[in-house]
1. Do you know which of the residues in the range A:78-122 that are open to solvent by less than 30 Å² (accessible area, probe 1.4 Å), of a type in the set (Gly, Ala, Ser) and outside any helix (DSSP H, G or I) is farthest from the other protein chains (Cβ to nearest Cβ)?
2. Please count how many residues of the range A:152-183 are open to solvent by less than 30 Å² (accessible area, probe 1.4 Å), closer than 25 Å to B:ALA615 by Cα and not in a helix (DSSP H, G or I).
3. Being free of Cβ contacts under 8 Å to residues at least 24 places away in the same chain and within 14 Å of chain B (Cβ to nearest Cβ), is that true of even one residue in the range A:123-140?
4. What residue, of B:LEU284, B:LEU280, B:LEU222, is open to solvent by 60 Å² or more (accessible area, probe 1.4 Å) and at pLDDT below 90?
5. Give just the number: which of (1) open to solvent by 10 Å² or more (accessible area, probe 1.4 Å); (2) modelled with pLDDT under 75; (3) under 44 Å from the mean Cα position of the chain (by Cα) does B:HIS504 not satisfy?
6. Counting just the residues of the range A:22-49 that are out of contact with any strand residue (DSSP E or B) (no Cβ under 9 Å at 6 or more places or on another chain) and among the hydroxyl-bearing types (Ser, Thr, Tyr), which one comes out farthest from A:PRO113 (Cα to Cα)?
7. Of all residues in the range A:58-77, count the ones that are within 21 Å of A:GLY166 (Cα to Cα), open to solvent by 60 Å² or more (accessible area, probe 1.4 Å) and in a helix (DSSP H, G or I).
8. I need every pair where a residue in the range A:223-248 that is over 19 Å from A:ASP200 (Cα atoms) has its Cβ under 7 Å from the Cβ of a residue that is part of a helix (DSSP H, G or I) and open to solvent by 90 Å² or more (accessible area, probe 1.4 Å), sequence separation at least 6 or different chains.
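The values are calculated or read from the model by the stated rules, or taken from the named source; none is laboratory data. Treat the numbers as computed from the prediction; the structure is a model and nothing was measured. All Cβ positions, glycine included, derive from the backbone under ideal geometry; neighbour counts span all protein chains shown. Surface areas here come from the heavy atoms of the whole protein model, side chains and all, with no ligands, DNA or RNA. Shrake-Rupley method; radii C 1.70, N 1.55, O 1.52, S 1.80 Å.
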Amino acid sequence: MNNSLPSNSLKRPEAILFDTDNTLYEYSPANKAAESAVCLKIKNLLGIDKITFYRFYNQAKIDVKQNLANTASGHSRLLYFQRMIELLGLKAQLLLSLDLEQTFWRTFLANAPLFPGVVDTLMYLKSINVPIAIVTDLTSHIQMRKLTYFGLEDTFDAVVTSEEVGSDKPDIRNFELVFSKLGISDRPDFWMVGDDPFSDIYGASSIGAITFQKIHSNVKKGTNLEKPDYTFNNYYQLLDIFKELIDN
Amino acid sequence: MLNKLSRKAFTPYGIEEQRQIYLLHKQPLFIIGLAIKLLLIISITPYIHTSWFLPFVFNSLTSITIDPWSSFIENNNQINSFPYGLSMLAAYSPLTLIGINLDKLFSTNLITPLSFRLTSLVFDYSILIFLALILKNYSHKILLFTYWCSPLVIFITYVHGQIDVVPVMLLLSCICMVGWNRYRSAGILIALAVSSKFSMLIAVPLIIIFIHRRKGLDIELLKFTLFTFIGLLLFVFPFIFSNGYQEMVFFTKEVNRLYSVFIAYGATLRVYVVPIVYLLTLYLVWRLRRITQDLFLIATGLGFFSLIIFIPPAPGWFVWLIPFLVYYQVRSKRDILTIGLLFNIVALLNSINTSNSNIILSMPFVNDNSYISNTPLLINQFYTNVLFTSQQALAILLAVRMYSYGLRRNSFYKITNDSFIISLSGNAFFVIPSLSRCTKNLFGQKFTTIIKSSTFIDSHMNPLKNINKPSENILDKSTSASLTELSYNYLNTPHSVNPVYSNHFSRGLRSLINSVNNTKTDFLILNDDINMLPSNLKKMLNLKLNLNMITTRDDFEQTPSDLHKFNINCFLTPVNSLNSNSLSSVSIDKYRFITYLPLGFIHDQLLRLSISICALKVDTELTPDKQWVKMIFEGEPSRDDISQIARSIIPQIDDFSLYESGWSSGYIGIMQILIISFISEQLATTSYSTNLKFVQ
């Protein structure tokens, strides 16, 4: 735990916003397992080896992201797989694209357990009537599926995905939309919990948030403008920080 | 190949298991246990290491030969130095070899024994990890307290210096592989365990029974036995004609312990107790129709207990037992601080007391002089006997408690003659046979019987076709629907039918009941309308699933009035038209699936997982009487989706030993989930599982 602000200078937040991917659960292992499942399926269905799969898949990701930079659709696995199949010279295999997308997300979810303590933290915030919301990139459908899978479908007071805004974080409109949904002022005293130094920490701190960065494997602490006010390694630490800050 | 896409197929354990193991390392108890072990490794050199094990390993590594046992004896060394096989030598060789070379480099003699002891730590740690993987859901603290910080294991391994952690680790890894359906690896691992210590043979028949009860006489059992045999051929057979191997490994003094407890039959004859007790344990396990992993592990522990209880145990033998005792303690959350801890302490004291000459310790980093403890704690033989009696009494008590817990946990495949009877009825005639067949594939062909009730009645009434027919002329009808009507009329209305017809009908029913009673498989699926069954057979049904077609809009919108007659109510209705006249020609995929589930029965999880995992369109509503939740499904979940939902919904699914390839896609898959969930819940909560009796 690391903090750069004295706890007695903080006011009770009007809302606490959470990122989803890599903040509520660890993204990399789930993504890796899901890609492996798709790779295996492709191998079984089309006889394409692992190296070829990843070469075309990575190229497809680059192509889609170039066309749809900083948008929710830029993360769409369906578009990645559709493009990959096109790059493989198989033209429009729509059913296969849909099938691969389903395999990807099914495996992803099976390998994406919530971090320990997430539910305790959220329940604590609900118990003291602090509004909580999700501000996340990616398309609404899959993000809602994820939250439903986690059993958090009724937990948050508002959910905003970058698909609703048309642009990924740190686009300020993501935050403005969530404030609007929560029915609070345009520049409230709010806290942001996320993993990404740029989109979460910089994005939220640029409009006055107190920021909390989740640190785990492959997550680097933000520096300079992306420096968080607090860092935490697990949610029990965060819960202790919240209790200390809010009770004070 | 596509069935291999399931999570378990390509990663034996998932992210959650990895995280649990990660969290295990973060526990203070893990750090404390590790610190104690490292301290002991650094400060204590067990006597048996320096005088027995190390000379043999040193000799084997410095003068390499194909028969290290004979080579060792030829150098006039002690015959009881290393009563272990090839895999034990291989296990201790890598680190010891590094130690030998480092000792040469730095001109010391400290690193070799240290590296030998570190090998024990590696295998001790591996046992912890395999226990965690086998247990899946467990309390970190209980596991660490009962195994990692067990005073008995610490004393035996790090103070006394026994190296039985190696065969036990290999045995646990074999059990893990069986759980992951990797029978070839399991076979090789058990062969390695036996190769390291022959007493591991105790577990082999139990593993074979376990696989047989889970999979039957099938390819899995063949793979396991074949690879065990290949493993033994590779790791044991090449040495059995070696004199050194025979003298050091086969005919050890430990083998004689097997014959130390006996009942005298007259002046000369003796009945040895241990083989009888072990055979009895095997027989008790053999008589169970199917075995859950819990009971299998507990039975294996009991097999080892039978040795400990009925013969004077060597200290190292407790290490065979402790992991299975820990499994029981972690699962049951019982006997942790009371009997379990007491057993640890008493067995520890008894080991110190009875193995006085074996615990001569040297403390190389303290001073040059060795500290020798060769005095028994208790000089008085009476007190020694009392201590030993206490140990054996606690062992018996633990064995009894483990056995009783194991039987209760085995409720999924209870010790009874009765099959679990599933009735599939309704007017969805083109779906019910598919559902029966798919469910049979899921449970396993050998473990499931399908009986079409109407066949029995029809076969006994066919002769009537050539005699005077009843006035309704219903015997001309051959469909199930007409037979249902026939049976229903016969059983429920005071009618005056032809006595010959009545007689044949009764014979048909008797034949059906006899067939049900004589079924020996775990699951019996009865097709046809439940109304045609006689009342005594209806009472035997454990699960009544009704599957009907809805063809009119009124039926779709109204809650059926007879929901309470069945445990699970399912309906299929065309997506586009509710007035289809050719239902049998319409694919099931073009239907909407409706089920009414009792309030509180999995509907919440099913809704969440159906939406999140397979993006189905699901609509739910509560019936007006608030007794049922109506769920309407639209979509085509794949077989892998269904499998994953089932794994998430049914915590005890591994106890069913289902065939992964038996899951179906689509609505039949959803019905399979409902069936397994219901059975799981019923077996866990009703008295059905408490009526224990042995298989005749």
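1. A:GLY117
2. Qualifying residue count for the region: 8.
3. So far as the range A:123-140 goes, no, none of its residues is free of Cβ contacts under 8 Å to residues at least 24 places away in the same chain and within 14 Å of chain B (Cβ to nearest Cβ).
4. So the residue among B:LEU284, B:LEU280, B:LEU222 that is open to solvent by 60 Å² or more (accessible area, probe 1.4 Å) and at pLDDT below 90 is B:LEU280.
5. With respect to (1) open to solvent by 10 Å² or more (accessible area, probe 1.4 Å); (2) modelled with pLDDT under 75; (3) under 44 Å from the mean Cα position of the chain (by Cα), B:HIS504 is out only on (3).
6. Among residues in the range A:22-49 that are out of contact with any strand residue (DSSP E or B) (no Cβ under 9 Å at 6 or more places or on another chain) and among the hydroxyl-bearing types (Ser, Thr, Tyr), the one farthest from A:PRO113 (Cα to Cα) is A:SER36.
7. 4
8. So the pair list comes out as A:ASN248/A:ASN8.
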